[in-house]
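Encoded as structure tokens, the structure appears first; notes follow it.
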Amino acid sequence: MSDTTNTSPPDRLSVDPRSPHYDADALARGIGIIFNGTERFNVEEYSVSEGWVRLAMAKTRDRKGNPLTMKLSGSVEPFFRDSAPESEQA
């Protein structure tokens with residue numbers, strides 16, 4: 001798990017608990033993604049250094065029940081929606 005007391009979100013993050021890039025602490029704080037200048041709300045995974053996001057395709061699911069995703073390349077700017085909890089700021 002990464003340290004969420006810093007002011008910048010992780011370089012790569014996934015919302016899937018089975019992924020090695022899953023970080024429950026960062027997700028609990030709330031992560032927002034601005035992709036190519038537009039805030040996106042259907043991001044399943046992102047990588048800032050590689051410049052891509054995986055977007056969920058509406059309610060479409062694969063045969064295992066996982067959301068179908070589409071990988072798009074571009075400018076990725078993650079941000080925390082909430083500030084660090086007061087217990088961690090001290």
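Could you look through the range 49-78, keep only residues that are β-branched (Val, Ile, Thr) and out of contact with any Ser or Thr (no Cβ under 9 Å at 6 or more places or on another chain), and pick out the one that is farthest from residue 15 (Cα to Cα)?
Within the range 49-78, the first condition is being β-branched (Val, Ile, Thr), and the residues that meet it are 53, 60, 69, 76.
If we keep only those that are out of contact with any Ser or Thr (no Cβ under 9 Å at 6 or more places or on another chain) too, we end up with 60, 69.
Values: 60: 17, 69: 12 Å.
If we take residues in the range 49-78 being β-branched (Val, Ile, Thr) and out of contact with any Ser or Thr (no Cβ under 9 Å at 6 or more places or on another chain), then 60 is farthest from residue 15 (Cα to Cα).
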Look through the range 76-89, keep the residues that are in a loop (DSSP other than H, G, I, E, B) and loosely packed, with under 11 Cβ neighbours inside 10 Å, and return whichever of them is modelled with the highest pLDDT.
81
Out of 27, 13, sole residue that is at pLDDT 95 or above and open to solvent by less than 70 Å² (accessible area, probe 1.4 Å):
13
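The values are calculated or read from the model by the stated rules, or taken from the named source; none is laboratory data. Since this is a predicted model, take the numbers as computed values, not measurements. Reconstructed Cβ throughout: ideal geometry from the backbone, glycine too, with neighbour counts over all protein chains shown. Just so you know, the surface numbers come from the protein's heavy atoms only, side chains and all, with ligands and any DNA or RNA stripped out. Shrake-Rupley method; radii C 1.70, N 1.55, O 1.52, S 1.80 Å.
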